[in-house]
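Here's the structure, in structure tokens; my notes come after.
Just so it is clear, none of the values below were taken in a lab; they were calculated from the coordinates. Bear in mind the structure is a predicted one, so any value in this text is a computation, not a measurement. Don't worry about glycine lacking a Cβ; one is built from the backbone with ideal geometry, like all the others, and counts go over all protein chains shown.
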Amino acid sequence: MRVSIGIDLGSSRIKLLALDEAGESLGVTMASYATESRQAGYAEQNPDRWWDALRLAMSELLARPALRGADVASVGMTGQMHGAVFLDADGSALRPALIWSDGRAEAETAEIEERIPRDELVACTGNRSNVSFTAPKIMWVARHEPEVMARTRWIVQPKDALRARLTGEVAGDVSDASATLLFDLRARNWSDDICRRLEIDRERLAPLFESEVSAGGLREEAARALGLPAGIAVAVGGADAPAAALGLGLAREADAPGIVLISLGTGGQVLAPLAGPKVDPAGRLHGLCHVVPGQWCIMAAILSAAASLDWVVRLLRPDDPNGARELLAAAARVPAGSDGLTFLPYLRGERTPHFDPAARGALVGLQIGHGPAEVTRAVLEGVAFALAEGLDLMRDLGLEPRAGVVAGGGVNRLWQQIIADVLNMPVTLGATEHASARGAALLGTVAAGIAPSAALSMSPLPVDTRVMEPNPDHARLYAEQSAAYRELYGRLPHG
């Protein structure tokens, strides 16, 4: 039995999933690491802690009975997007990694659109300038830490820094690169013109490959540390959202027409696979490469999905291990609409559709009779309204989404139903909540020659009875409330 292990380097923890040749999961393990904030707006992680977490999670995974005696044939990679890791010529990190939620480069974000008009930037890269992206982070380090930049040989994404430690080779993939602002979406390669205009040295950017390509074999030192066979294939891997789409069977638009991924992680995404590149001229949606060769994606992203639920649990049930379960049970008894209470989930600012780091969250319509149950339901509904804004933008571009597959650590049955009602379409619970890690493992099977391609590495999603159909009465109510929700952003003060 040949096994592929998917490594998902997330925002707060690493997740490993072992997959056999039939596509069955043999086990999942996780290990956490800290995000450090030296001052307001900063969000950094130590790459050495990623390695420590990988070793811990791998030792636990390989100890599982299902893995004893297994022939581990490959490793696949995925991870958080929009980061910046600065490596020296030996592959060592020169400073903590700036992760996607780091917001220090506001001046550089504005400068990018001064140098390159937004319409030109979006036409080339598929994206508008945003403080979360990699390019402004690079410009900030060049301006404020020139001694680091002088010693930098490679600037890579988080998963690529970890993979370099596995193989000794530096590489990047097209899906992660397409979320940096330095990439030509149609050419599926770095844009020499954008790099030149932003004064970013193209030679410091990693050579790019498709996600299913082997980035080399696992080197001896890493193999000993992880308890894996030396020389096994390590796939280049891809960005977490497209990898999740692959993991749930959304490999090609032709295989699942009209089906979108709805991801409820720390942030939230609505992602549609496409057979060709498509961009929103206003840059409110992200144009990306898929982890499947010859395929693209378009994605709406919000910054606080499960993070919003975590926030309300911390607020209302601090230090209560059963707090989330109790609040969700209470919220399920509240009628749709939360008795007129509306939540804006802009706890970290917002991306789609506003691209406003100064946007702030709000609870609007509070009354004396409102309690934890109403507040919790309003939070779930507010996130669903935010996701619906992105879906409507996709419709404006000519897409015809007709159903969704929901996955991620924030998924629960109540939220799934609310999303189905707000989006007014059937929503299936994904066959696995570990979709990104599964997608990474599937990429590993291709790198090892077990499967011929990522698009053919698994059968379509199994029939799943856990489908939530929209409640027509709720859908009508939410359609009426949606207009009021969308007006609130312009009416409330920003930070």
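Would you grab the residues whose amide H sits under 5 Å from the one on Cys289? Only those 5+ places off in sequence or on another chain, please, with H modelled 1.01 Å from N. The list, which skips near neighbours in sequence, is Ser178, Cys297. Computed per residue of the chain from DSSP H runs no shorter than four, each worth -39500 (n - 2.57), the mean residue ellipticity at 222 nm is -11000 deg cm²/dmol. Rounded, prolate or oblate: pick one for the stretch 129-259, where a ≥ b ≥ c are the square roots of the eigenvalues of its C-alpha gyration tensor, a/c under 1.5 means rounded, and failing that, prolate if a/b is larger than b/c, else oblate. Oblate, since a/c reaches 1.5 and b/c is not below a/b. Once the C-beta distance of Ala107 and Glu60 is scaled by a Förster radius of 51 Å, the resulting FRET efficiency is 0.75 to the nearest 0.05. Ranked by the mean number of other Cβ atoms within 10 Å per residue, highest first, peptides 139-145, 9-15, 126-132 order as 126-132, 9-15, 139-145.
The charge dipole of the stretch 2-238, taken about its Cα centre with unit charges on the Cβ atoms of Lys, Arg (+1), Asp and Glu (-1) only, comes to about 400 debye. Each of Asp192, Asp8 has some number of other Cβ atoms within 10 Å of its Cβ, and from fewest to most they run Asp192, Asp8. Taking amide H atoms as placed 1.01 Å from N in the peptide plane, the amide H of Ala235 lies under 5 Å from those of Val75, Gly76, Met77, Ala215, each 5 or more residues away in sequence or on another chain. Here the spin labels are modelled as points 7 Å beyond Cα on the Cα-Cβ line, and at Arg197 and Glu220 they lie 4.9 nm apart.
If both residues of a DSSP beta bridge must be in the chain, then about 65% of such bridges are antiparallel. Each Cα pair under 8 Å and six or more residues apart adds its separation to the average, and for the chain the resulting relative contact order is 16 percent.
With the simple spin-label model, which puts each label point 7 Å out from Cα in the Cβ direction, the Arg476 to Arg186 separation comes to 4.7 nm. The base-10 log of I(q)/I(0) for the stretch 2-238, evaluated at q = 0.09 Å⁻¹, reads -0.38 [Debye formula, identical scatterers on Cα atoms, solvent excluded].
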